[in-house]
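Heads up, the thing below is written out as structure tokens.
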Amino acid sequence: MSQPINYMQPDVPETLPWHAVRTVVATNETLKGYGCLVSRDEYETFAMEIVQWPKPHGRPIDADTGNQAGTKQGIFDFWWEGDVLFGRNNAVKDEYLLGWSTNPKDAVRGGELSTGPERVLLWHANYHPDGGQLFFPIDGTPFVTPLALPGDDVSPDKFVNFYFDGTMGLYIHPDIWHEGIFPLAPKARFFDKQGSVHARVSVNFAQEFGVFMEVPLVKPV
């Protein structure tokens, strides 16, 4: 059994090479397989996928059972403190140090920013096998998020960074690798809905691949 991850004190080196992630504009076509766009009119009532509880052998789970935990929802806050990006998922009452705008050795925490940094260096990503997840930018803030298709053989080169102009939200299917939603602003709020079980499967890029994932916080040209 894996040990709990300390998301506020990541176990990573102070300096590592950066793996650049390419960015594409999010459309229903480019998101095919990952999820879909969600409009302002539908995000609160969007139908979420909930995966039936798995059973590896023996008699099967009864139909219409094992998927009744439902969903949780709340505000997902993201904000920069100097060179350090934090997130707070109020739906599941978790806080995270998500990444830095430079190597942790050189990152200075503290102070409000007038504009968002040009990049975030990520150390971690995860997926939820129990259900999908939905994010919507409450204040219309443009954002990006790197995603990878299902598979435990994940690696940094399998991620694609999707850009959203802030008019639409994002729904991702179960098993899609992701981290947070990264605003192109010093701070932002997102509506978040996800499965109540909230199982996580994680990858630590720093430990497993010796890199930080460099995610551009800009609109692609």
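The values are calculated or read from the model by the stated rules, or taken from the named source; none is laboratory data. Because the structure is predicted, anything quoted here is derived from the model rather than measured. Cβ sites come from the backbone with ideal geometry, for glycine too, and all protein chains shown count toward neighbours.
Computed values, structure above
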item: Count - residues of segment 109-150 that are farther than 26 Å from LEU37 by Cβ and modelled with pLDDT of 95 or more; result: 2
item: Out of GLY166, GLY140, sole residue that is touching a Ser or Thr at 6+ places or on another chain (Cβ under 6 Å) and free of Cβ contacts under 8 Å to residues at least 40 places away in the same chain; result: GLY166
item: Selection from segment 1-38 of residues that are over 19 Å from the mean Cα position of the chain (by Cα) and either within 21 Å of PHE164 (Cα to Cα) or among the aromatic types (Phe, Trp, Tyr) (or both); result: GLU29
item: Residue in segment 123-131 that is among the acidic types (Asp, Glu), surrounded by fewer than 18 Cβ atoms within 10 Å (Cβ to Cβ) and either touching a residue at least 24 places away in the same chain (Cβ under 8 Å) or in a loop (DSSP other than H, G, I, E, B) (or both) present; result: no
item: Odd one out for VAL160, checked against (1) more than 21 Å from TYR34 (Cβ to Cβ); (2) modelled with pLDDT of 95 or more; (3) in contact with a Leu (Cβ under 7 Å, 6 or more places away or on another chain); result: (1)
item: All positions within segment 147-172 that are buried (at least 19 other Cβ atoms within 10 Å of the Cβ) and more than 15 Å from LYS219 (Cβ to Cβ); result: LEU147, ALA148, VAL154, PRO156, PHE159, GLY169, LEU170, TYR171, ILE172
item: Tally, over segment 60-75, of residues that are assigned to a loop (DSSP other than H, G, I, E, B) and either surrounded by 15 or more Cβ atoms within 10 Å (Cβ to Cβ) or in contact with a helix residue (DSSP H, G or I) (Cβ under 8 Å, 6 or more places away or on another chain) (or both); result: 2
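Residue by residue, here is whether (1) at pLDDT below 95; (2) within 16 Å of ASP130 (Cα to Cα) holds:
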site: SER39; (1), (2): no, no
site: THR45; (1), (2): no, no
site: ILE50; (1), (2): no, yes
site: PRO60; (1), (2): yes, no
site: ASN67; (1), (2): yes, yes
site: LEU85; (1), (2): no, no
